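Below: the structure, in structure tokens.
The values are calculated or read from the model by the stated rules, or taken from the named source; none is laboratory data. Bear in mind the structure is a predicted one, so any value in this text is a computation, not a measurement. In this analysis, Cβ positions are derived from the backbone assuming ideal geometry, glycine residues included, and neighbour counts consider all displayed protein chains. For the accessible areas, the whole protein counts, side chains as well, though only heavy atoms, and no ligand, DNA or RNA atoms are used. Shrake-Rupley method; radii C 1.70, N 1.55, O 1.52, S 1.80 Å.
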Amino acid sequence: MQRLSIIVLCIAMVTLGTIASQAQGSSIASVIEQRSNSGLEFTTLQRFIDASDLENNLSSAGSYTLFAPTDAAFERLERAINYTTEQLLSNQEIINAMVRYHTVESRLSASQLRARDGRVIATELPNAFVGITRADDNTIVVNNVVEITDENISASNGIIHEINDVLLNRVINDLLDEAFGTPATATPTPSPTSTPPATTTPTSQTRSTANVRVLHLAMDAPEMTIQLDSMTVIETLAYQDFSDFSNISQGIYTARAISLDDDQDITLTVDLTLLNGDFVTLVLIGSLDADTLDFITFTDDLRAVDDDEATVTLFNALPDAPPISLVLDGDPLFEGVSYTEREVDIIDAETTMIQLLDTRDDDTVYLDRDEQSFDAEGLYWFVLFGAVDDPRVRILSSTSDDITNLLSTTMEITETPAIDATAPSLADSIIDILDASDDYTVLIQALNAADSDIVDILGNPDSDPVTFLAPTDQAFENLLATTGLRQTQLLRDPSLLDNILRYHIIEGELTADDFIDASGTSIETFLEPAQAFFVRATDDGRIFLNGTIEFLETDIRASNGIIHTVDDVLLPLIVLEDLDL
């Protein structure tokens, strides 16, 4: 019997050794298949990959990261959404979306993921991101609740991280709804949570920001105003205007360039993901007459630049121009850079001779300098623009001192006045304070009809402190207009009220400063399981939740917490699905 056990153990060791050796030279798809065939927890994932439009990508050359749910994770998903795996695999759109949302087009090791704590990463599903959080025990958590349970499974074309739950988002849930008719009960895994501790009110607060500038290089385009979402960041930008870098809170935005000429109705948009410390350049380029006007974006990440190096960029914005080259001391740094293309490199910080040439004709010299200084840790853009018969070159430089100042900028926080000039008594509960105002009559009716637990949380002066986001009467009017509900319908639906009200309650006391500090991340609410909303703060101190819902009045103190007034009712996913929004 003992001999048989030894033989079985040896066979098992040889099998596992064979799997490990195969994995080193195998693609991601092959590694998943090998582990699936060996009973190592990826049989369902293999079926999804084999049926997806990424199967060839994950089987061939490239560089990818795959977040790999185990079979147990898919079993939990089935119980949560009441759909079987076979149902999911019968729909090609769902298969593609799920595999794409678990795939990132770059190789990210566990240490690289930990370095992205509190940041978002774009997936292969268009406009869909996953949030990365590094837990106190060094575990990597994806979208707030999904843990990486086995790190750095190597493959020839990337890396695999095993996860204990399936990642979901609104796109996938909408596909489930469309495919099967009944809304899924699963909720998307929320973005990275950052719930800062309550603090005293500081006079200034360091912000998580990116650095953004805008270049107007479209000769025949009118003056433009530049917006990020609904926030105007540049009032007027004319041709040849090059703005300085400005600090913008990290987050996901839609950037818009809007014509100021009443006779030319022009609005150009570009999706923008701003991460802390990035240097982002937005460029208005092309020709209005030629119908090539465009709004494009480039990002410089200066964190990898040594203290004796500089970052150099060549950008060709000259329409109809031939490819161009940038030459340092007679040696090409960049060659054949075509219109709208950009090349970037890191060079030694020094003073050198520099030329900007027509690649096909060395006699065409756009720029010729005997002494061009490159300061340590500087960012230098060489921009060719204008017209072929009137070419122009602009050198945009941000030196190490400029960059240090930008990265260390602190933003002044201005307190927003409370509802009333007379401060409420701290013996009053949250409900007492709201009930004393004429602006919250619908909210008070909703609280009176709500679950007793909610009333105790908000109405007991001695209960544990919470933060409550209080929608005004106008906010509820907006909700009723949007949903088509009558007020009596809303107030007679205890389940709907419970889900809405719990989504407005946060554990602990968070001031406006704390929300600003959490800009670009999300904060969990009392609504289970793990429901959160996304926070964005603008440079002028305005606070938005879930993109559009704005703080009106802040830091209203009560005996059992703090109140912030909001201009619309926050709706969690479960309510959006129930109301078919």
**Study point:** Label-to-label distance, nm, for residues given as Glu55 and Glu341 (7 Å Cα→Cβ offset)
**Key:** 3.6 nm
Practice item. Quick one: work out the % antiparallel among DSSP beta bridges in region 435-581, nearest 5. Key: 75 percent
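Count charges around Gly286 for me, please; just the other residues with Cβ under 11 Å from its Cβ, Lys/Arg as +1, Asp/Glu as -1. Write down the numbers at each step before the final one.
Details: positive: none; negative: Asp220, Asp289, Asp291, Asp294.
Around Gly286, the surrounding residues sum to -4.
Rounded to two decimals, what ratio of Rg to Rh does region 539-581 give with C-alpha atoms and a Kirkwood Rh?
Details: Rg = 13.2 Å, Rh = 12.2 Å.
Result for region 539-581 is an Rg/Rh of 1.09.
Rounded to a whole number of µm²/s, how large is the Stokes-Einstein D of region 497-573 at 37 °C and 0.692 mPa s, given Rh as the Kirkwood radius over C-alpha pairs? Could the numbers behind the result be given before it?
On the way: Rh = 12.7 Å.
Answer, rounded: 259 µm²/s.
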Revision key, fill the gap. Residue span Asp331 to Glu371: 0.36 nm per residue of separation minus Cα-Cα distance leaves a gain in nm of 12.9 nm
**Study point:** Å² of accessible area per residue within region 225-264, as computed with a 1.4 Å probe and no ligands counted
**Key:** 45 Å²
Revision key, fill the gap. P(r) of region 44-168 over all Cα-Cα pairs, 5 Å bins starting at 0, rounded to whole percent, reads 2, 11, 22, 26, 20, 13, 5, 1, 0
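Of the heavy-atom accessible surface of region 220-311 (probe 1.4 angstrom), what whole percent is carbon and sulfur?
Working: 1600 of 4120 Å².
Reported share for carbon and sulfur atoms: 39 percent.
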Study note, to complete from the structure: Stretched fully, the stretch from Ala387 through Glu93 gains (0.36 nm per residue minus C-alpha distance, one decimal, in nm) 101.2 nm
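Carbon and sulfur: what percent of region 26-181's accessible surface (1.4 Å probe)? Mind showing how you got there, number by number?
Details: 2530 of 6230 Å².
With neighbouring chains kept in place, the figure for region 26-181 is 41 percent.
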Check your understanding: Once fully extended, how much extra length lies between Asp136 and Asp263, figured as 0.36 nm per residue of separation less the alpha-carbon to alpha-carbon distance?
Key -> 40.0 nm
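Would you mind classifying region 431-581 by shape? Square roots of the alpha carbon gyration tensor eigenvalues, ordered a ≥ b ≥ c; an a/c under 1.5 is rounded, otherwise it is prolate if a/b is larger than b/c and oblate if not.
It comes out rounded by the Cα gyration axes.
For region 427-537, with every protein chain kept in place, what is the accessible area per residue (1.4 Å probe, Å²)? Don't skip to the answer; put the middle values down first.
Numbers: 4400 Å² over 111 residues.
Value for region 427-537: 40 Å² per residue.
Convex hull over the Cα atoms of region 431-515, averaged projected area in nm²? Each step should come with its number before you reach the end.
Details: hull surface 23.4 nm².
Taking a quarter of the hull surface, the average projection is 5.8 nm².
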Review point. Under a plain spin-label model, where a point goes 7 Å from the Cα along Cα-to-Cβ, how far apart in nm are Glu477 and Asp539?
Key: 3.4 nm
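Go ahead and run the numbers for FRET between Ser397 and Ser463, Cβ-Cβ distance against an R0 of 51 Å, rounding to 0.05. Don't skip to the answer; put the middle values down first.
On the way: r = 57 Å, r/R0 = 1.12.
Efficiency at R0 = 51 Å is approximately 0.35.
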Point to revise | Volume per residue that the Cα convex hull of region 232-355 spans, once the total is divided by residue count, Å³ | key: 132 Å³
Review point. Size of region 68-110 along its principal axes in angstrom, Cα-based, largest extent first?
Key: 33, 22, 12
Practice item. When a/c is below 1.5 the answer is rounded, else prolate if a/b is larger than b/c, else oblate, so apply that to region 236-277 with a ≥ b ≥ c taken from the square roots of the Cα gyration tensor eigenvalues. Key: oblate
Study note, to complete from the structure: Per-residue accessible area, 1.4 Å probe, largest first, puts Asp514, Asp456, Asp493 in the order Asp456, Asp493, Asp514
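Compute the accessible area per residue over region 42-170, keeping the other protein chains in place, probe 1.4 Å, unit Å².
Values: 5100 Å² over 129 residues.
Ligands and nucleic acids excluded, the figure is 40 Å² per residue.
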